[in-house]
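These notes are about the structure you will find just below.
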Amino acid sequence: MSQRARVAILLLVVALVGAACGQKTGVAGTGGEVVAGGGGGGGGGTASGQHEPDDNDTSGVSDSEIVIGVHAPVTGASPLPQRTFDIGKDIYWQLLAANEPDALGGRRVRVVFRDDEFNPNRAVEVCREMVESEGAFILVGGGGADQITACAEYAAENGVPYFSAGVNEAGLEEASTYFALSLTYAQQAPLIAQRIKDEGFEKVGVAVADTPSFQDGHDAFVDAAEEAGLDIVADDTINKTASEAEALAEVQKLKDADAEVVFILTSPLVYLGIAGGARNQNYDPVFIGPGITSGLNQVLTFGCPGVAKGRFFSPFPELDVIDELDPDYVAAYEQFGQGEPADDIGLALWGLNKTIRLMFEATGDELGRAALMNTIEGGEVFDSGVFAPVEFSDGERFGGTAAHLLKADCDTKLYSTEEQFVQAEG
Amino acid sequence: MDRLRERQGQVITAAVITLLVLVLLATGEKESLVIGVITGSAYGFLALGLVLIYKSSGVFNFAQGEFGTVAVYTLYLLHFDVPYGFALLGALGVAVLMGVVVERLVVRPLFDAPRVTLLVATAGVALLSIAVQIWFGEATARPVGRALPTLDRFTVLGVQISDQRLLLLGALAILAGLLAWFFNKTNLGLAILGSSQEPTATELMGISVKRLSTIVWALAALLGGLAGVLAVPETGGFAPGVLTVAFLIPAFTAAVLGGMTSLPGAFLGGVIVGVVEAVATSAPIFEDIPGSPGTLLVFVVLLIVLVARPQGLLGKAG
Amino acid sequence: MAVETASRGPAAETGETVEGGEPSFRPSPIGWLARGIVWAAIAWLVLIFPLGREAFELQRYSEAVIFGIIGLSLNVLLGYVGQISLGHQAFVGIGAFTSAYIVTEQNLSFWVGVAAAVAVGGLQALVLGGVSLRITGLYFALVTLAYGLVAEKNIFQIQELTGGGLGQPAPKPKGFESDFRYYYLCLVFLAIVLWVDWRMMRTKSGRALLALRENPRVASTFGVNVRLLTLFAFVVSGAFAGLGGALLAHNDTRVSPETWSFNLALIFVIMTVVGGLRSRAGVVIGSAFFALIGYLLDKFTILQDGLNAIPGAPDLSPEIARLVIGPVLLLLTLTLTPGGIGQQIRPIVRWLTGHRFDLKDRGLKEVQISDVRA
């Protein structure tokens, strides 16, 4: 290349970089405005409990629409069925739009769904995308404690209200925009210990996935079990994505320890590995735990007969009682379910959405992020009749009051609701 | 001279295995021994196909696991409509078809390319297969049925062994022996081996190297398919790419332990890898290894073999 | 968009060998003008176009730039040394966790984090390079594959360092909190990597490295220590990978173990091979393309519609699209144009750097995944 050419190119590049830098600050500024709640929301939202009303960010809410962003894993190590999620995510809102077109000030709710690939890093990415690109007003986590924690942290930093069924408490206590719409693992622990005792079992094994998010749930259960006078004969962590050999080794440990009941807090796939391995070894303990995903019928379709003695406390009831709790659900699914039969993933989303709707309505016309969060924290009780009632006092992140107890039935391959609305202590 | 070297391999193998067994029994890990043998037989089965391809064409076939996954998937789909036996045959048929297609579309155009290129290409095939499974069937796990339902006929050292496991183990032992005989004693077997070492000579004998290549890939795919349909039901079910994600690296380690060219070696290697993994997972001394200790120990075994005895336990030196 | 980044400045020298024998050719003034316009267009696309986009899109563009760095890192191993690494996600991932740990757990600055990531990456590669002196070719590929799994299942599970399943937060550096600024920071790092790579291959050692790949015996006549050279190349590759990892961590603002899977390792290899080994421009374009596939499908719905038009096929989500399109492009590249994108764009690159436009000039001899060391 000739000298002249080099100089010419160099000059050109310098000129362009100069132009770019000149523009950068300006455009970046507008970028900040485009970004929902990017700067301002963060400042306003992080003050504990108090969500500044002057900064009532209405991104994602227009006169005609409210956008909700939902994330859950449909690929990755422990995936849920994508199609069911796609269908179930907005059945409730479709019904609402059809039956009560004037609800929510005549606004329609649009639900955006993204796959978080069972990966916290990815969860943050998709949450951001849903807020900034799709203009989501609030975010909802569909399942997976680590992903929910990661995304809730992002949401708190950016002042976006975030909702999920109760999972861990560690890491979420400080997330100032997070709301657990059912009992957390730790809150369920005494219920589980009590249930084990009531059934007359003594020797309890513990198998918990090896992730910091499950630590508080694990500790709470061990404490509760000791308080209830149960004998913890094995207490193990197991790899979050355990292999067959790891599942079998865990089974041997539990079997050697003679555990009659196993407290299980893992992804559904690991649970299936352990339960299946146990059955192959003629070892047949009762598996019990706080469930969201492990309490889904999908687990029975896959895992029967190994999971035949599974019981899970769950935010949502099962299909056997939904007609008495909320007759709209099955009918709505028939109408909007694209020909698929009503299932419990749809039901879980239905319950979440129904609670959120009550919260929207309580907030009233001034629907914005700060107003919504202040309303929720105002101490009102939101009772959807599907999820147990939730109540958040000021600064309280975990508002659940009760849980349903589900029991596996391998004849029908469906969970049944053994007991509804089991009240948490205190 | 060769004989002597072979003997040396056998002595080392016998010594390693005896030592392993004694240590396990002494430390009270007798259950790991049994678990290791039954999980390891699945690795050995997959390794059999790897060895077959390597022996005949010098290729590391990273798509070997996917022959199995695709077979399992087919079994799952067909079993809705037809009896198990037919579904099984259909599954193996689809696996063989996949083997032939891969040979025609990927291996043959790269016939003269460096072997590393082929390795990358087969890895690409594996990824494509996994992606297509997710695309058409979602990433969710699915249950798949056993050929033999009885679970509790045998109990060895406190571990219950299902009929399906025994079937897997038996089929593996028989096939490893049969294939070893085929390659050492039959004309076709020798021709296949010759085709990789002396392609021109093979052509001169009137045997088409390309046709042999197709046969080998079809056979390897059949083995991969068998590994899948026999091993996966025992784990309860499958997710996209199950044999690649969970089995391929241990299977390669098994094959390397066997020297990459020894079929009985692949079988033995699989069992050893299985036992190492099982011990690593349950023995208290490995408890402090973060995450999954089995993965780490299998890696260590692989490294040691490649550095200290690259020809494998049963392989011939040089 | 960042796709064209590599065509700037030093990258233009891509794949150039000694120009001996070519009659001196001077473009006409109009020729210069035409070249200038194309250069300006590329510069506009890389430097100015992103300013008009939204912040979260910039995050994607930054990722494309960072993938360029990772591609160049792998190119050193695959292209220059001739060793294939199927565990490159581990190198990148360790860089990511190192930087996240230093910034989040040690409360040190981003720059310390990046420096540590580069150092750890280089050190790690040095060890693996030592292994590669004994284990080569297919077996080396196998070892790296297994190592990648060890990283994912063991190393990244050390909760004190990585935060375990939840992962580790990795905030953006002071002064670069905006995605716009961070994008330009990534571009600067890419430019540095390109420059280092270019300088390295210009030296006697660099040329010896290429000769080594072709024929180890010839290389010894260069009077260089072959082992030392190989180790040096490994360190450079590892350092680039560590840098890429650190940048990726802070771009995503969180690192978690699940990210660094077998799939990602293959995507890295695919993007480098499809980009075209030993072609800096090609590798960067290929890498950026694979980083952006999902984004492009979202933006240009016509592409998405095209894929969804395949009869009987369910909708293809952008996440899966990368895994489907990648291997297909890989197989097409390997069987049809082993030189990848670099080979295809070589006439354009040559023309842009003031040479005659010659469609036949594809430098075919240059491109093939070599296995002389297998």
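Identification of helices (runs of 4 or more DSSP H) wholly contained in the range C:155-266 with 3 or more residues that are among the hydroxyl-bearing types (Ser, Thr, Tyr) yields C:179-202.
Here is a check on your reading of the model: is B:Thr140 more than 14 Å from chain C (Cβ to nearest Cβ) and hydroxyl-bearing (Ser, Thr, Tyr)? No: the conditions fail for B:Thr140.
Of all residues in the range C:172-182, which are facing another protein chain (nearest Cβ under 10 Å) and under 23 Å from the mean Cα position of the chain (by Cα)?
Once the filter is applied, which keeps residues that are facing another protein chain (nearest Cβ under 10 Å) and under 23 Å from the mean Cα position of the chain (by Cα), the range C:172-182 yields C:Asp179, C:Phe180, C:Arg181.
Within the range B:144-155, being closer than 16 Å to B:Ala71 by Cβ and either within 8 Å of chain C (Cβ to nearest Cβ) or not hydrophobic (A, V, I, L, M, F, W, C) (or both) holds for B:Gly145, B:Arg146.
Does B:Leu48 satisfy the criteria of being buried (at least 21 other Cβ atoms within 10 Å of the Cβ), more than 30 Å from B:Gln133 (Cα to Cα) and away from chain C (no Cβ under 14 Å)? First the steps, then the outcome.
Values: buried (at least 21 other Cβ atoms within 10 Å of the Cβ): yes; more than 30 Å from B:Gln133 (Cα to Cα): no; away from chain C (no Cβ under 14 Å): yes.
In short, no.
Of all residues in the range C:310-353, exactly one satisfies the criterion of being among the basic types (Lys, Arg) and under 21 Å from C:Phe268 (Cβ atoms), namely C:Arg322. A:Phe221 passes every criterion in (1) of a type in the set (Phe, Trp, Tyr); (2) away from every other protein chain (no Cβ under 14 Å); (3) under 25 Å from B:Val245 (Cβ atoms) apart from (3). Scanning the range A:277-285 for residues that are more than 24 Å from A:Ala180 (Cβ to Cβ), more than 14 Å from chain B (Cβ to nearest Cβ) and either touching a Leu at 6+ places or on another chain (Cβ under 6 Å) or in a loop (DSSP other than H, G, I, E, B) (or both) turns up at least one hit. Checking B:Asn61 against (1) within 14 Å of chain C (Cβ to nearest Cβ); (2) assigned to a helix (DSSP H, G or I): exactly one of these is not met. Which one? Evaluating B:Asn61 over (1) within 14 Å of chain C (Cβ to nearest Cβ); (2) assigned to a helix (DSSP H, G or I) leaves (2) as the failure.
When the range B:75-92 is filtered for residues that are in contact (Cβ under 8 Å) with a residue 12 or more places away in the chain and either β-branched (Val, Ile, Thr) or surrounded by 15 or more Cβ atoms within 10 Å (Cβ to Cβ) (or both), the ones remaining, listed by number, are B:Leu75, B:Tyr76, B:Leu78, B:His79, B:Ala87, B:Leu88, B:Gly90, B:Ala91, B:Leu92. Within the range C:191-213, one or more residues are within 14 Å of chain A (Cβ to nearest Cβ) and out of contact with any Pro (no Cβ under 6 Å at 6 or more places or on another chain). Within the range B:222-233, identify whether any single residue is touching a Lys or Arg at 6+ places or on another chain (Cβ under 6 Å) and not hydroxyl-bearing (Ser, Thr, Tyr), and answer yes or no. Yes, there is a match, as at least one residue in the range B:222-233 is touching a Lys or Arg at 6+ places or on another chain (Cβ under 6 Å) and not hydroxyl-bearing (Ser, Thr, Tyr).
What do you reckon, is C:Thr144 in contact with a helix residue (DSSP H, G or I) (Cβ under 8 Å, 6 or more places away or on another chain) and within 23 Å of C:Arg227 (Cβ to Cβ)?
Details: in contact with a helix residue (DSSP H, G or I) (Cβ under 8 Å, 6 or more places away or on another chain): yes; within 23 Å of C:Arg227 (Cβ to Cβ): yes.
So C:Thr144 fits the description; yes.
Could you list, in sequence order, the residues of the range B:260-311 that are surrounded by 23 or more Cβ atoms within 10 Å (Cβ to Cβ), away from chain C (no Cβ under 11 Å) and within 18 Å of B:Phe60 (Cα to Cα)? Passing the criteria: B:Ser262, B:Leu263, B:Gly265, B:Ala266, B:Phe267, B:Gly269, B:Gly270.
The residues of the range B:90-106 that are within 20 Å of C:Leu145 (Cβ to Cβ) and either more than 7 Å from chain C (Cβ to nearest Cβ) or within 19 Å of the chain's Cα centre (by Cα) (or both) amount to a single one, B:Val102. Of everything listed in (1) closer than 26 Å to A:Val386 by Cβ; (2) in contact (Cβ under 8 Å) with a residue 12 or more places away in the chain; (3) out of contact with any Leu (no Cβ under 9 Å at 6 or more places or on another chain), the single unmet condition for A:Asp198 is (2).
Per-residue answers, yes or no, for (1) under 14 Å from the mean Cα position of the chain (by Cα); (2) modelled with pLDDT of 95 or more:
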{"position": "C:Arg60", "(1), (2)": "no, no"}
{"position": "C:Glu63", "(1), (2)": "yes, yes"}
{"position": "C:Ile66", "(1), (2)": "yes, yes"}
{"position": "C:Gly71", "(1), (2)": "yes, yes"}
{"position": "C:Leu77", "(1), (2)": "yes, no"}
{"position": "C:Tyr80", "(1), (2)": "yes, no"}
{"position": "C:Gln83", "(1), (2)": "no, no"}
{"position": "C:Thr98", "(1), (2)": "no, yes"}
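In the set B:Ser129, B:Ser162, which member is touching a residue at least 24 places away in the same chain (Cβ under 8 Å), of a type in the set (Ser, Thr, Tyr) and either out of contact with any Lys or Arg (no Cβ under 8 Å at 6 or more places or on another chain) or within 19 Å of B:Ala71 (Cβ to Cβ) (or both)? First the steps, then the outcome.
Details: B:Ser162 fails: either out of contact with any Lys or Arg (no Cβ under 8 Å at 6 or more places or on another chain) or within 19 Å of B:Ala71 (Cβ to Cβ) (or both).
Going through B:Ser129, B:Ser162 in turn, the sole match is B:Ser129.
With respect to B:Val125, determine if the residue is facing another protein chain (nearest Cβ under 9 Å), closer than 27 Å to B:Glu234 by Cβ and modelled with pLDDT of 95 or more. Full working, then the answer.
Numbers: facing another protein chain (nearest Cβ under 9 Å): yes; closer than 27 Å to B:Glu234 by Cβ: yes; modelled with pLDDT of 95 or more: yes.
Against the criterion (facing another protein chain (nearest Cβ under 9 Å), closer than 27 Å to B:Glu234 by Cβ and modelled with pLDDT of 95 or more), B:Val125 qualifies.
Of the helices (runs of 4 or more DSSP H) contained entirely in the range A:320-426, those carrying at least 3 residues that are touching a residue at least 24 places away in the same chain (Cβ under 8 Å) and surrounded by 23 or more Cβ atoms within 10 Å (Cβ to Cβ) fall at A:344-363, A:369-376.
The values are calculated or read from the model by the stated rules, or taken from the named source; none is laboratory data. This one's a predicted model, so the numbers in the text were calculated from it and none came from an experiment. A quick note on method: Cβ atoms are made from the backbone with ideal geometry, for glycine too, and the neighbour counts reach across all protein chains shown.
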